[in-house]
């Protein structure tokens, strides 16, 4: 399965990946409207940590044996047996944060959605028809610090 990997030596902390992800997961898919007008505010599923000198994008690796899925008490975290994509069913998530504590990459976040805590994570821009073969964060990265490549697993 294909996965996104971050190359810290190329990351310049521009956070364009965060903007692209937030825009993609917005209702309008318009950056200005997503940041200024939408309610609830869309959330980025990728985040950059560090500074201009040393930074890296943190995102889900869609592990071969995902601990977040194994530990999810509500069954909200699942791994598609065909595509290998690990996803969160927001209707089942109880916001317990077990997935957050089990993720070895720190890729799962808990945010407030409609007043309730819910887990979110990279979905590889799965719900979008017509993505040109790569997730929005990879498409947007100006330095090619995010790569989308075939991998056997983590």
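The values are calculated or read from the model by the stated rules, or taken from the named source; none is laboratory data. Since this is a predicted model, take the numbers as computed values, not measurements. Using ideal geometry, Cβ is built from the backbone for each residue, glycine included, and neighbour counts are taken over all protein chains shown.
Things worth noting here:
Quick grid of which residues meet (1) touching a residue at least 40 places away in the same chain (Cβ under 8 Å); (2) in contact with a helix residue (DSSP H, G or I) (Cβ under 7 Å, 6 or more places away or on another chain):
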site	(1), (2)
63	yes, no
78	no, yes
82	no, no
95	no, no
99	no, yes
106	yes, no
111	yes, no
123	yes, no
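- Candidate set: the range 106-121, residues that are part of a loop (DSSP other than H, G, I, E, B) and modelled with pLDDT of 95 or more; chosen: the one nearest to residue 68 (Cα to Cα): 108
- Selected residue (criterion: modelled with the lowest pLDDT) from residues of the range 70-80 that are surrounded by fewer than 18 Cβ atoms within 10 Å (Cβ to Cβ) and in a loop (DSSP other than H, G, I, E, B): 80
- Residue count, the range 25-42 (criterion: modelled with pLDDT of 95 or more and under 13 Å from the mean Cα position of the chain (by Cα)): 0
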